[in-house]
Structures are given as C-alpha cells and as structure tokens.
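The values are calculated or read from the model by the stated rules, or taken from the named source; none is laboratory data. These figures come from a predicted structure and were not determined experimentally. Because the Cβ atoms are built from the backbone with ideal geometry, glycine has one as well, and the counts that use them run over all protein chains shown.
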Amino acid sequence: MLNVDVGKEEEVFAELRKTEGVTELNQLFGVYDAIVMLEAESTEALRTILQARMRKLDGVRSTLMLMAASDVSTGQAKPGADEESSGYQTISSASQDRSSAEA
C-alpha cells in the first residue's frame, strides 16, 4: 500500500505509469486511491522496484506490498522467487484522514 500526500495523486500516478514492472494502475473510489499490479522476474526484483523506485517518489508517504500466493480462479500456485513473480500495490491518499480530522 502507498499513502500519498494530498494533491500529489496525479503526479505519483504519472510516475508509476512510467515505472518498469508496473503492468496495471487502476484508480479506485473509497479508502484507497489506486491499485498497482507489478511483475518482475523474481521476488527480489519486485522488492527492488518497490524500494528503489516507488518509495522514493515525491508524495509517497508509506508503502505496504501484498503478494499473491495462488490464483484461486485457476487453482494454480503463484511462481516462486526463481520464476516470474507478481505483486499488488495499493495506493491510498491521506485526504480522507485529513478531511475527517478537520471536520
């Protein structure tokens, strides 16, 4: 998960669209602003994308990565660290928290 500074959402989304390994970026309504699908050759490569690129984007406050263990639609296990790996990254904005605190 990413927490994004209020007003930085579009800037962060634009940078994420250019980030190697990002295969999907979907904006959401509700608590989170977006979900990002990442793909890489290994779990270590996913970690590198997250640490070296996503966490360093201006406007990103914090991150939490979720990795799929299996694809329940097919019943297949997800690949291990030596094969292609994928992870989901959700992005949230502090705007709801701040607006609640200001009310």
I need the full set of residues from the stretch 1-27 which are surrounded by 14 or more Cβ atoms within 10 Å (Cβ to Cβ), under 11 Å from Met37 (Cα atoms) and modelled with pLDDT under 90, in order please. Leu25
Would you be able to tell me the number of residues in the stretch 28-38 that are in a strand (DSSP E or B), among the small types (Gly, Ala, Ser) and surrounded by fewer than 16 Cβ atoms within 10 Å (Cβ to Cβ)? 0
Given the residues Asp82, Asp97, which is the only one that is assigned to a helix (DSSP H, G or I) and modelled with pLDDT under 80? Asp97
Cβ-Cβ under 7 Å, sequence separation 6+ or interchain: first residue in the stretch 36-57 and farther than 17 Å from Ala14 by Cα, partner loosely packed, with under 14 Cβ neighbours inside 10 Å and among the aromatic types (Phe, Trp, Tyr). Which pairs? none
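Out of all the residues in the stretch 1-11, which are over 16 Å from Ala52 (Cβ atoms) and of a type in the set (A, V, I, L, M)?
First pass over the stretch 1-11, keeping only residues over 16 Å from Ala52 (Cβ atoms): 1, 3-11.
Matches in the stretch 1-11: Met1, Val4, Val6.
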Search the stretch 39-74 for residues being buried (at least 16 other Cβ atoms within 10 Å of the Cβ) and among the polar types (S, T, N, Q), and hand back the single one that is nearest to Asp5 (Cα to Cα). Thr63
Hey, does the stretch 39-58 have a residue that's at pLDDT below 80, part of a strand (DSSP E or B) and not acidic (Asp, Glu)? no
